[in-house]
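Following: one structure in structure tokens, then a few remarks.
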Amino acid sequence: MQQNSPQRNTRQRKAIRDALERAGRPLSPQEILEAARSTAPKLGIATVYRAIRSLVEEGWLGTVELPGAVSRYEVADKKHHHHFHCRRCDSVFDVEDCPGSLKDLAPSGFLAEAHEIILYGLCEGCVTASCPP
């Protein structure tokens, strides 16, 4: 029975990777679980967390930190971008545009090394009321 465990974990890990690639946006661990269960119905949340940790360590997965919210994860091969956080359905989406260098906004004598912009509001589905509250 233990011989099947590595195969199952491989299938589950593939289901997790596929779910993240299909989503095309940052997902929470719960969203990853729900999306991956379409191909791995017995997948559990502990396995999702283990896979996230491993995929982040490998550099395949990046972490999206939002103030006051659970971390989201996205495929790490994306170019610099920002995020939109829907305040109704709690989904996070990529924003491809960037205003460019914001180094001039730093106080005199400071060295700005990076920036992150998060837009908040309602996603298209929530604007048209097709998202659950």
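None of the figures in this text is laboratory data; all of them are computed from the coordinates on show. Keep in mind the model is a prediction, meaning the values are calculated, not measured. Positions of Cβ are backbone-derived with ideal geometry, glycine not excepted, and every protein chain shown enters the neighbour counts.
Below is a table of values for the structure above.
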{"item": "Amide H contacts under 5 Å for Leu66, placed H, 5+ residues apart", "result": "Arg72"}
{"item": "Inter-label distance for Ala76 and Thr39, nm, one decimal - labels placed 7 Å from Cα along Cα-to-Cβ", "result": "2.1 nm"}
{"item": "Cα-based shape type of the stretch 47-93, given that a ≥ b ≥ c are square roots of the gyration tensor eigenvalues and the cut on a/c is 1.5", "result": "oblate"}
{"item": "Counting DSSP beta bridges with both ends in the chain, the antiparallel % (nearest 5)", "result": "70 percent"}
{"item": "Cα gyration tensor category, rounded, prolate or oblate, for the chain with a/c compared to 1.5", "result": "oblate"}
{"item": "Relative contact order %, the chain, counting alpha carbon pairs below 8 Å whose residues are six or more apart", "result": "19 percent"}
{"item": "18 Å Cα-Cα reach of Lys14 towards lysines, excluding residues that sit fewer than 8 places from it in its own chain", "result": "Lys42"}
{"item": "Residue-span extension gain [Glu96 to Glu21] - 0.36 nm each, minus C-alpha spacing", "result": "25.3 nm"}
